[in-house]
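S.K.: This is the structure, below, for whatever I ask next.
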Amino acid sequence: MKREVLKIDHIQKYYGNKNNITKAIDDISFSVYEGEFIGVMGASGSGKTTLLNVISTIDTVSAGHIYLGGQDITEIDDRKLAQFRRENLGFIFQEFNLLDTLTLEENISYALTINKVPAAEIPGKVKHIADKLGINEILNKYPGEVSGGQKQRCACARAIVNKPNVIMADEPTGALDSKSAQMLMETLISMNEELAATILMVTHDAFSASYAKRILFLKDGKIFNEIIRGDKSRKQFFGEILDVMTLLGGDLRDVR
Amino acid sequence: MYAKLALRNARKSMKDYLIYIVTLMICVGLFYSFMSISSRYYVSSLPVEYDLKLLQNLMRYPVIGITAVLIFLVKYVNNYILRRKQKEFAIQTLLGMEQKSVAFLFFVETLIMGLISIVIGIILGAFFSQVLTSNIMSFFEEEYHMYFSLFPDTVLITVIGFCAVFILIGFLNIRKIRKMKIVDMLRANKELQDDMKKEFLMPFMILVMTAISINKVMDGLLLYKQYKDVMILGSRGFMDVVSFYGNLILPLFFAGTVAMYLILCIIKRKLLSIQKLIIILTGFTILIIAFALMIVAGHPLMDRTTTNGAYMYVMIYLVFFMFAVFYSLSTLMQIFKTKSKRWKYKGNTLFIVGQINARLTSNTRTMSILAGTILLAITTFIVDPILSGWAMGYLKERAVYDIQIATEGNSKTTLNTLPDGDFTYVEETLEEMGIVLKDSLKVEFYYLNDKEFVEGSFEQPIMAISLSDYNHLRAMAGSTQIDLKENEFSLQWHYSVTEEEIEKYLKENKTITINNENLVQANEIRHREKLGEAIYSFSSDTSVVIIIPDILCKSLLIGKCNYYGNAMSKMSYETAQEINAALNQKIEQISKDHQYYTELRMRTKQRNEGISVALLTKLLLFYGGIVLFVISFTVLSLHQLADSSDFKHRFQIIKKMGVSDTSINGIILSQMGIWFGLPILFAGISAIITGRFYMKWTEVIINTLIGSKEFYDALFKMMMIIIVLFVSYFVSTWVLFKKNIELY
């Protein structure tokens, strides 16, 4: 049995006041194991972004516990949150979120410097990751000078370079064209398989989701369904996802 | 409907407008307070012998002139607001509002804000005006109690003036907004740094500096020829050789480097990047300044022309340095990033360097101009106490008696038309005017021997005064008496004579001979009592008067005759003016017959004019300096605030990456510190260099007329004002910045 990296234990998240409560997350529990590539799907307002935010320690839960690497993150002191985040989590965002003032190389090394990695080790580590993700040629360029797909691969490199417990990907293909999206998903797969990264990806795009190994479907703050790819081909899995989405009442527009 | 919308908009976007209002308030307040001094209603409780009309007349137009510079600032802040609001404009236009109405709405909004700031500014100005007045009163050595009042004419001119500016800028904005495309408005916030625009200023400056460097090489050669033999033998031989060759070779390198660059360009048939060239030239510039300063510091053998010439070079190269240093800074940072792995990967250096660099590349020229402006402002603040203190100190030196009249021979004077010492017309006139004298004195000054009078000569020799007359003069000026033995002489020196000059004179004149009688130097021979300037000959090399025993004076030839009078009661300014006119009329009649100079000085008039000039210098320099500071600090602060949406985005990213809040605070502080600090640092260093020189230049004046303690006190006060201004700008920018990027 693989190590349990992330454990979500009956969490709830409410918004609003006494008279008008919105349950963004309504009692969700699941576990993520080391080396997993898990997708979270759901329509707008299903609670997937809230889920991502509470796991990222950007938001707090109303009830329940989240264990990351054995530590209960709902109980961590506010002042230590930043440190916890940089040591345990890596992020990939829809809007890339690279620093436009730094080159791609610097963007990646900055993630290392804030983790206080010795200066001598940094160039090596950056090069290693850049080789793996095929962005070695463009390392000295600024984000404004490269394509969206290249930017997102750089963001992947930045997320994984610290070898975090979990990489959180929030709609990573949302701002990419279909060709770049496909390339990026392959990059994520190789990160998952070759670099043994644990990835938690939130998306509402069935195509991207079909690359994951397990998918959780959220609806109105609850887990509606869970499917596992197993030995199925990606095409089969894709069909399965579409079936669940139809059941979910998801609009066909969401399916692309 | 639109009016309502405009009002509501204005209220809602108060935060955006805060910086606009504060800047305008300061501008209005400053203008009002300085303008109020020249108001018709400006009543100061000055005693009768003073009159502020002269100062008021002289103040008005320069204040308006200096304020005109502030229009630039209003326009700048307006542009900043315009940029911030473009997205809003886009939404309004998309919703179907005509672009004309959008522009008009913005105009009304800014006008409302402008009016608010005029009102607050005038109240602020009224307070500030009182502070100024109490300062003015201290110049007249009068006490002053502050009170609050508004002057209608100043209020009117302030309101009309600033409204005119707002309306003018408003119309320019309306035109600008009407021409904008919606797409551009939507993108306004995301505008990336524009690529380095084609720069013409720097290449031009480099060419000019090359020409100047060649000129400096020529000067260096001349200098070398002139001093070579004497200097190398001197005790400072080695340093002098270094200094000479440095001053010769460095400018040559400067010009040579530029020539090499041009040749390379021709060979490669394309324009090469000037980035590295600028770095090299910046290095040479620093060295050239240092070596030129060695000449400025002076060598006992060098004359004034040489040191002053070297100083001119220092100033020119400093200006170039200020521009070049900002141009080369971003390139240097790039080099630093590639060369120094250790620093680069430490803490948040990478991020801060990125932040600064991104802003610097698109703002080099502004930064250099700002540094130059700050230098000008600091210099104004250094020069201010020197000039106003000089004027005041000089006044104390001159205006000692209520009336001083000096008569002295000139080139037309013959032995028969030497001053006769007839001052009966003075007493007659005073009597007619009803002025009662407390004390008066006629003083004769003698040639040491008859031969010293040379007919037709422009120059007068040093003359002698009798001990009793001298003591009487001292008594009238409120000083103690001096003693002199029968075979002694003493000397009364003008304030501007330096100790070295005195030493030299004393060495050359151990004794003096009058009518075959030898006089030796008295023990106390360095009298520097303030006895007015009339006792010294108008045209003699050294301003000194010889004091000799009365008995020796009898047989001497009178070359100069003065009249001194002190009135029983203080003379009002008007009376003094009348007496002055009446006496001058008489003097003119007399001079037709007698061929010698006559000079009339009245204390009331002297003090009025002297204080007015001193005050004018002080106030205008102060106003100018403050205006320059306000402009440069506001622009610096806006630079930080202008792109807060970009900044916010970046800080959000690094926060998500796990940078703690304390680190983020540290980053903000160091980023702002560098941004504000760099121009101030460069300006400060340059100001120290230039300031040192002014002080050296006016050393005598500072020591004798101002008093070095008083001068340094005044200088300290000025520096404190700068620091207070700087700190308040820095802190408010910091607070606003943190508010702007508030995370989550």
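S.K.: At a cut-off of 40 Å², which residues of region B:623-671 become less accessible once all protein chains are present than in their chain alone, using a 1.4 Å probe?
M.R.: For region B:623-671, once contacts with the other chains are taken into account, B:ARG650, B:ILE653, B:LYS656, B:MET657, B:GLY658 lose 40 Å² or more.
S.K.: On a 0 to 90° scale, report how tilted helix A:104-113 is relative to the longest principal axis of chain A, with both axes built from alpha carbons and the result rounded to the nearest 10.
M.R.: 80
S.K.: Tell me the label-point distance for the pair B:ALA477, A:SER190, using the 7 Å Cα-to-Cβ offset, in nm and rounded to one decimal.
M.R.: Going by the 7 Å Cα→Cβ label model, 9.5 nm.
S.K.: Hey, another quick one. Over the heavy atoms of B:SER555, what accessible area does a 1.4 Å probe trace out, to the nearest 10 Å²?
M.R.: 80
S.K.: A further question follows. Check each of the trypsin sites (Lys or Arg not before Pro) in region B:251-336 and keep only those in coil by DSSP with at most 15 other C-beta atoms within 10 angstrom; list them in order. Don't skip to the end; give the middle numbers.
M.R.: Details: sites: B:LYS268, B:ARG269, B:LYS270, B:LYS276, B:ARG304; in loops: B:ARG269, B:LYS270.
Those satisfying the criteria are B:ARG269, B:LYS270.
S.K.: FRET efficiency for B:THR305 and B:ASN509, Cβ-Cβ distance as r, R0 = 25 Å, nearest 0.05?
M.R.: Working: r = 29 Å, r/R0 = 1.17.
Once rounded, the FRET efficiency stands at 0.30.
S.K.: Once whole DSSP H runs in chain B are found, which of them have Cα atoms spread over 27 Å or more along the helix axis and a mean Kyte-Doolittle score of at least 0.0? Could you put the intermediate results ahead of the total?
M.R.: Numbers: long enough: B:14-36 (31 Å, 1.44); B:53-94 (59 Å, 0.38); B:99-139 (56 Å, 1.63); B:152-179 (40 Å, 1.29); B:201-233 (45 Å, 1.08); B:237-268 (46 Å, 1.65); B:275-297 (33 Å, 2.37); B:304-339 (48 Å, 0.78); B:349-398 (63 Å, 0.71); B:573-593 (31 Å, -0.92); B:603-642 (56 Å, 0.89); B:661-697 (52 Å, 0.91); B:708-740 (47 Å, 0.92).
The answer, listed by residue number, is B:14-36, B:53-94, B:99-139, B:152-179, B:201-233, B:237-268, B:275-297, B:304-339, B:349-398, B:603-642, B:661-697, B:708-740.
S.K.: Please give the per residue accessible area of chain B, computed with a probe of 1.4 Å over protein heavy atoms only, in Å².
M.R.: Values: 35850 Å² over 744 residues.
For chain B, the per-residue accessible area is 48 Å².
S.K.: To the nearest 0.05, how large is the calculated FRET efficiency for A:ASN19 and B:LYS339 if R₀ is 60 Å and r is the Cβ-Cβ distance? Can you show the working numbers first?
M.R.: On the way: r = 63 Å, r/R0 = 1.05.
Step by step, r from the Cβ atoms, then E = 0.40.
S.K.: Shifting gears a bit: Which three numbers, in whole Å and largest first, are the semi-axes of the equivalent ellipsoid of the protein assembly as shown derived from its Cα gyration tensor as √(5λ)? It would help to have the intermediate numbers written out before the result.
M.R.: Numbers: eigenvalues 1279, 248, 108 Å².
Equivalent ellipsoid of the protein assembly as shown: 80, 35, 23 Å, largest first.
S.K.: Rounded to two decimal places and with Rh computed the Kirkwood way over Cα pairs, what is Rg over Rh for region B:403-570? Can you show the working numbers first?
M.R.: Values: Rg = 16.3 Å, Rh = 16.8 Å.
Rounded to two decimals, Rg over Rh is 0.97.
S.K.: Right, next: So which trypsin sites (Lys or Arg not before Pro) in region B:335-394 pass both tests, a DSSP loop state and at most 14 other Cβ atoms within 10 Å of the Cβ? Spell out each step's value before the answer.
M.R.: Values: sites: B:LYS337, B:LYS339, B:LYS341, B:ARG342, B:LYS344, B:LYS346, B:ARG359, B:ARG365; in loops: B:LYS346.
Hits after loop and neighbour filter: B:LYS346.
S.K.: Roughly speaking, what is the centre-to-centre gap between region B:374-435 and region B:55-110 when only Cα atoms are used, to the nearest Å?
M.R.: Rounded to whole Å, the Cα centres lie 51 Å apart.
S.K.: Moving to a separate point now. Find the sum over both chains of the accessible area lost when A and B are paired, probe 1.4 Å, and report it in Å² to the nearest 100. Display every interim value, and only then the final one.
M.R.: Details: alone 12630 and 36960 Å², together 47340 Å².
Buried surface at the A/B interface: approximately 2200 Å².
S.K.: If you average the sequence gap of Cα pairs under 8 Å that are 6 or more apart and divide by the length of region B:403-570, what percent do you get for the contact order?
M.R.: Numbers: 290 pairs, mean separation 73.2, N = 168.
Relative contact order comes out at 44 percent.
S.K.: Would you mind computing, in nm to one decimal, how far apart the modelled labels at B:SER539 and A:SER29 are, each placed 7 Å from Cα along Cα→Cβ?
M.R.: About 11.4 nm, to one decimal.
S.K.: Also, I was wondering about something else. Output the 0 to 90 degree angle, nearest 10, between the alpha-carbon long axis of helix A:148-160 and the longest principal axis computed from the alpha carbons of chain A.
M.R.: Roughly 90 degrees, rounded to the nearest 10.
S.K.: Follow-up question, since we're still on this one. Whole angstrom only: what separates the Cα centroid of region B:620-644 from the Cα centroid of region B:199-217?
M.R.: Distance between centres, Cα-based: 29 Å.
S.K.: Turning to a different aspect of this structure: Report the per residue volume, in Å³, of the convex hull enclosing the C-alpha atoms of region B:1-191.
M.R.: Details: hull volume 23.5 nm³, N = 191.
Each residue corresponds to 123 Å³ of Cα convex hull volume.
S.K.: Can you bin chain B into rounded, prolate or oblate? Criterion: square roots of the alpha carbon gyration tensor eigenvalues sorted a ≥ b ≥ c, rounded for a/c under 1.5, prolate for a/b above b/c, oblate for the rest.
M.R.: On the way: a/c = 2.96, a/b = 1.61, b/c = 1.83.
Taking the square roots of the gyration eigenvalues as a ≥ b ≥ c, chain B is oblate.
S.K.: Net charge near A:GLY69: determine it from the other residues with C-beta under 15 Å of the C-beta of A:GLY69, scoring Lys and Arg +1 and Asp and Glu -1.
M.R.: On the way: positive: A:LYS2, A:ARG3, A:LYS7, A:LYS80, A:ARG85, A:ARG86, A:LYS163; negative: A:GLU4, A:ASP9, A:GLU34, A:GLU36, A:ASP72, A:GLU75, A:GLU87.
That sum, taken over residues with Cβ under 15 Å, equals 0.
S.K.: Enter the angle in degrees (range 0 to 90, nearest 10) between the Cα long axis of helix A:78-88 and the first principal axis of the Cα atoms of chain A, meaning the one along which they spread out most.
M.R.: The angle comes out near 70 degrees.
S.K.: Just give the residues from region A:83-113 buried by at least 50 square angstrom of accessible area in the all-chains context relative to the isolated chain, probe 1.4 Å, and say none if nothing qualifies.
M.R.: Relative to the lone chain, where solvent access is computed with a 1.4 Å probe, region A:83-113 loses at least 50 Å² at A:ARG85, A:ASN97, A:LEU99, A:ASP100, A:THR101, A:GLU106, A:TYR110, A:THR113.
S.K.: Taking the Cβ of B:ILE551 as the center, what net charge do the other residues with Cβ under 11 Å away carry, scoring Lys and Arg +1 and Asp and Glu -1?
M.R.: Working: positive: B:LYS554; negative: B:GLU486, B:GLU517, B:ASP550.
Combined, the nearby Lys, Arg, Asp and Glu give -2.
S.K.: Roll a 1.4 angstrom probe over the protein heavy atoms and tell me the percent of accessible area of the protein assembly as shown that is carbon or sulfur. Present the calculation step by step, with values, prior to reporting the outcome.
M.R.: Details: 27830 of 47340 Å².
Roughly 59 percent, rounded to a whole number.
S.K.: Over what distance in Å are the Cα centres of region B:525-552 and region B:646-679 separated?
M.R.: 68
S.K.: Still on this model: Distance in nm between label sites at B:TYR712 and B:LEU207, each 7 Å beyond Cα in the beta-carbon direction?
M.R.: Label at B:TYR712, label at B:LEU207, 4.9 nm between them.
The values are calculated or read from the model by the stated rules, or taken from the named source; none is laboratory data. From a predicted model like this one, the values you see are computed outputs, not experimental measurements. Please note: Cβ atoms are built from the backbone with ideal geometry, for glycine as well, and neighbour counts cover all protein chains shown. Just so you know, the surface numbers come from the protein's heavy atoms only, side chains and all, with ligands and any DNA or RNA stripped out. Shrake-Rupley method; radii C 1.70, N 1.55, O 1.52, S 1.80 Å.
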